[in-house]
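To start, the structure under review is shown below, and the notes come after it.
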Amino acid sequence: MKKKLFRVVIGSSLLSATLAPAAWAQTLPERLPEAPRPSGADDTTQVVDLQLLPDSLVEAPVPLDSAKLVWMQTPPELRDLVGDRINCFETDAPHAFNPAVMPFVLYFTERNRKYMQRVLERENLYFPLFEKYLAKYNLPVDLKYLAVVESALIPTAKSHVGATGLWQFMGPTAGDLRLRRDEWVDERMNPEKATEAACKHLRYLYGVFHDWELVLAAYNWGAGSMQRAMRRTGKKTFWDLYPHLPKETRNYVPTFTAIMYSMKYAQAHNLHSPELNYRYAEVMDTLQVGGRALDLHRLSQACGFADSSALLRYNPELKRSWLPEGYRSYAVQVPATARPQLAMVDRSTLFDYCRPRTDIPSPLAPLMARLQGVEAFPARTMAANGTPREEDATPAPRFRRLRHTVRRGETAAAVAGRYDVSTAQLARWNALRQGRPLVPGKQLVVFVPVAVPAAAPAVAAARKPTTPARLPSFPVKTASATSPSPQPDKHAVPTAIEEVVAAAEPVRSAILSRNPRAISEEAAATAATAATLTAPDDSLPGFYVVRRGDNLAKIAEKRGLTATQLMDWNELGSEKVVPGQKLVLRAPADEEAPVAEAPARKARTPEKASVAVAARPAPAPAVADHKVHMVQKGDTLYNISRRYQGVTVEQLRRLNNLTSDEVKPGQKLIVAR
């Protein structure tokens, strides 16, 4: 037995001697292989391998939660007492007691007693109202302590994120709950309306989660955020979700439990004091304003209050101390004790006295932004005065579209300066990329303003044909002997209306008949206009040389054409093109023929013109001035309008009496007059 004890003592001393440097170095060294021992007849020494217990100096320190630290520092008697009291609450509201709740209990009952005393002063003012609506919506009555967590029972409280009122509603939530908000009134600060809205919201949340702890967390963080956290973690209870919640939401339910305990056992913790200014609910009356301007400071004086802002405390939802003229029907809350003072005068005298002394600033009327080239909306006075609004069937275009062919070396700034537009406008109209040079031969669209025609003289307004009461008789002048008399048309049937119009209108035919020079000038102007209309559009190149990388669709798209048109005009069997190939970009000359050759027709002599003008009072526009386009295969109204300068799709429909955009090959369209 002694030998065994001796061997154990020697083995333990050797083991301690071996581990002493390791403990001093704070790390465990690697085990060294043992040397073989010589075995003798009397050698019975045994090597024992003992497992070390964890050493506090060797192990890494374990981080302690602040709540657990407070829990460990709290006397066990106090922990047991608070836990027994909380567990005895007979309520459906959350009242679990754990280490997360105890720090908040100590905070409200010991470290921040002033906060709880301020809350206790307003307890009897708002709790009866809360209990009334909680019972109405069949909710746990102890949910009234939620308003203490949110706002400390201050109806005008506002958080740093914009939540307002006793129940701290955000703007979108208040809108969903039908709480009115404008520049005069914010019903989130109305205790009664906000409390009813909070009861509706809590009832909705309970229908979603069916757990009051989750309901309180969702009230703080949002129902959608709570549902996403539950789906992400797979947890179904608040305390399972506790590590995965934000800090504010994580502490929300423990704070609610601590507030409920502190207010229920305020007397046990000596929170009540005779020095506190307790407030109690009062019986209230309402005064209907009815859209009149009202100053609450003067109304407070009329009610007999020494403080002119007394009524503002009874109406916390008012954002200002006065209401403007014409505001919606509003009821001011007035204490019932002020009824005798208000009954001394009639209603009109009271409201005259309570009108603001200075003019209340009215909101400015909205001013519409004035954009260049955009007409403003018609004034309301036009409709108020009964003046009819005359709308032009075809308003004159304000801008004219031009095409510019890029030349070698031109830049976007040079093109924009040539047409007096900005570079940004040119890039927006043609989808130009910044920093990319212009490709020679590319077609650019430019919009230039149309010159506004000068106002017609006042004499032109008197030219309207009028029907006189009695038809006057005019002497018919015979033509000179040298000029033959005009033969009347066999198919023309003179009517009384034509004679009245010819007699009443001061036509310029009589002037032209006496002025041969004017006739020649008008004929020259007509011929020049017809030549301008029938001249081909030289802004579009007639030919294009195919480059490397080009295809027929790309070439047609850049020039507002279709691939089918290019194939027909160039007699191509397919869409395949080769570099260096020359393509025609216009239809053949025989396909665009005017109805009549206006410029080729010889002008009449002044004598014949004067007789013709005198014979017909209102000459009809000649068909020869029309420019006609024959529709090719693949043509559309849009492509045709792109090929003729200043022509739009709407003008093509109106000139050709089209009801749709459908055209057929071979159809002739009038494109200009």
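Throughout, read-outs are computed from the coordinates displayed, never taken from laboratory work. In this text, all values refer to a predicted model and were calculated from it rather than measured experimentally. No Cβ is skipped: glycine too gets one built from the backbone with ideal geometry, and neighbour counts run over all protein chains shown.
Looking only at residues of segment 135-191 that are assigned to a loop (DSSP other than H, G, I, E, B) and β-branched (Val, Ile, Thr), we find that the one that is nearest to GLN333 (Cα to Cα) is THR156. For segment 345-359, a tally of residues being loosely packed, with under 10 Cβ neighbours inside 10 Å and not acidic (Asp, Glu) returns 3.
Here is the figure for segment 280-294: residues that are buried (at least 19 other Cβ atoms within 10 Å of the Cβ) and closer than 27 Å to LEU153 by Cα total 1.
Every residue, every condition in (1) assigned to a loop (DSSP other than H, G, I, E, B); (2) over 16 Å from ASN124 (Cβ atoms); (3) in contact with a strand residue (DSSP E or B) (Cβ under 6 Å, 6 or more places away or on another chain), yes or no:
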| position | (1), (2), (3) |
| --- | --- |
| SER262 | no, yes, no |
| ALA266 | yes, no, no |
| ASP285 | no, yes, yes |
| HIS297 | no, yes, no |
| SER300 | no, yes, no |
| TYR327 | yes, yes, no |
| VAL334 | no, yes, yes |
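Has segment 241-253 got at least one residue that is of a type in the set (A, V, I, L, M) and over 27 Å from PRO103 (Cα atoms)? There is no residue in segment 241-253 that is of a type in the set (A, V, I, L, M) and over 27 Å from PRO103 (Cα atoms). Residues of segment 230-260 that are farther than 27 Å from LEU120 by Cα and in contact with an Asp or Glu (Cβ under 6 Å, 6 or more places away or on another chain): PHE238 alone.
The residues of segment 541-562 that are in contact (Cβ under 8 Å) with a residue 12 or more places away in the chain, closer than 15 Å to TYR638 by Cβ and not basic (Lys, Arg), listed by number, are GLY560, LEU561, THR562. If you go through segment 628-673 and keep only what is assigned to a loop (DSSP other than H, G, I, E, B), over 24 Å from HIS404 (Cα atoms) and in contact with a Leu (Cβ under 8 Å, 6 or more places away or on another chain), you end up with VAL631, LEU658, ASP661, VAL663. Within segment 423-436, the set of residues being in a loop (DSSP other than H, G, I, E, B) and exposed (fewer than 12 other Cβ atoms within 10 Å of the Cβ) comprises ALA431, ARG433, GLN434, GLY435, ARG436.
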